[in-house]
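Notes follow the structure.
The values are calculated or read from the model by the stated rules, or taken from the named source; none is laboratory data. This one's a predicted model, so the numbers in the text were calculated from it and none came from an experiment. We place every Cβ from the backbone using ideal geometry, glycine too, and count neighbours over all the protein chains shown.
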Amino acid sequence: MFEARLLRSSILKKVLEAIKDLLTQATFDCDDNGIQLQAMDNSHVSLVSLTLRADGFDKYRCDRNISLGMNLSSMSKILKCAGDKDTVTMKAQDNADTVTFVFESPNQEKVSDYEMKLMNLDLEHLGIPETEYSCTIRLSSAEFARICRDLSQFGESIVISCTKEGVRFSASGDIGSANIALAQTASVDKEEEAVVIEMEEPVTLTFACQYLNYFTKATSLSPQVQLSMSADVPLVVEYRIPDIGHIRYYLAPKIDD
Amino acid sequence: MAQTTITTFFNSR
């Protein structure tokens, strides 16, 4: 028996928003520690890694390890039926071919259940190597979303360049070019608005705008985002989900032909 | 520029 209950459905709704444009289907691997999801987009350019820890749920029970293969567009349709303040419970029997979502209104006067067919997904799992990154940049997630959106107007790629002076995002194309430079913040009133850079070595890498924009669908999960870069390896874009886990996106760089 | 893929960097488990 697997059962996981969240007092607020909004976390799960936001998680789905954060992955459903990038992935069509994914396996939720559930064990004692919580729920893990790892999947690549169809083009294998990016990889999503989601962790929801058991202790972040209001109730969590997983008697046997279970993999729930879900069609994310169907799951998203179902989660849209939950009110933000509803409690959500995901349930599946051992060896089940369906998963059930139960939504309860705060006053318990409305209880809905939705059963969804599971899919048998034979998806490739990748080992993500432990990496010491040359640069990590922490900034407001809303600011990062705005930068990606603004620069997307100029070209298909964004160059991210991190030095000890700061981080610079650039794009160029038919209409011209754009550069956004952020300096490390000296002092701020709100911690989540700070720009914090840790740099061992300067790094410049180029990434596809389209994917960065997909990642920013996770903005509402966290006030801050962390970018980790090293030369010639995928960028990591991490959103920490308060009290329960994180979502990490890995994006393969573009290289000179 | 050419787009690389994730599988170039991370191996199958």
Please tell me if A:Asp243 is in contact with a Gly (Cβ under 6 Å, 6 or more places away or on another chain) and within 30 Å of A:Gln36 (Cα to Cα). yes
Considering every residue within region A:80-89, establish whether at least one is more than 23 Å from A:Lys217 (Cα to Cα), part of a loop (DSSP other than H, G, I, E, B) and at pLDDT 95 or above. no
Taking A:Ala231, is it part of a loop (DSSP other than H, G, I, E, B) and either touching a residue at least 12 places away in the same chain (Cβ under 8 Å) or farther than 25 Å from A:Ile35 by Cβ (or both)? yes
Can you tell me how many residues in region A:150-186 are of a type in the set (S, T, N, Q) and in contact with a Cys (Cβ under 8 Å, 6 or more places away or on another chain)? 2
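Residue-wise test of (1) buried (at least 19 other Cβ atoms within 10 Å of the Cβ); (2) of a type in the set (A, V, I, L, M); (3) in a helix (DSSP H, G or I); (4) more than 16 Å from the chain's Cα centre (by Cα).
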position	(1), (2), (3), (4)
A:Glu3	no, no, no, yes
A:Lys14	yes, no, yes, no
A:Ala18	yes, yes, yes, no
A:Cys30	yes, no, no, yes
A:Ile35	yes, yes, no, no
A:Ala39	yes, yes, no, no
A:Asn42	no, no, no, yes
Does A:Asp97 satisfy the criteria of being surrounded by fewer than 18 Cβ atoms within 10 Å (Cβ to Cβ), free of Cβ contacts under 8 Å to residues at least 24 places away in the same chain and closer than 23 Å to A:Asn33 by Cα? yes
Within region A:163-209, can you find the residues that are among the aliphatic types (A, V, I, L, M), assigned to a loop (DSSP other than H, G, I, E, B) and farther than 23 Å from A:Lys254 by Cα? A:Ala186, A:Val188, A:Ala194, A:Val195
In region A:134-152, is there at least one residue being among the acidic types (Asp, Glu) and either within 26 Å of A:Thr216 (Cβ to Cβ) or within 14 Å of chain B (Cβ to nearest Cβ) (or both)? yes
In region A:101-124, which residues are farther than 16 Å from A:Met70 by Cβ and in a loop (DSSP other than H, G, I, E, B)? A:Ser105, A:Pro106, A:Asn107, A:Gln108, A:Glu109, A:Lys110, A:Glu124
Going by the conditions given, is A:Val203 farther than 30 Å from A:Arg8 by Cα, within 14 Å of another protein chain (Cβ to nearest Cβ) and buried (at least 18 other Cβ atoms within 10 Å of the Cβ)? no
State whether one or more residues within region A:11-32 are touching a residue at least 60 places away in the same chain (Cβ under 8 Å), within 14 Å of chain B (Cβ to nearest Cβ) and of a type in the set (Gly, Ala, Ser). no
Checking A:Ala82 against (1) under 26 Å from A:Tyr211 (Cβ atoms); (2) surrounded by 16 or more Cβ atoms within 10 Å (Cβ to Cβ), the condition it does not meet: (1)
Consider A:Ser74 carefully, then state whether it is among the polar types (S, T, N, Q) and either closer than 20 Å to B:Arg13 by Cα or in a loop (DSSP other than H, G, I, E, B) (or both). no
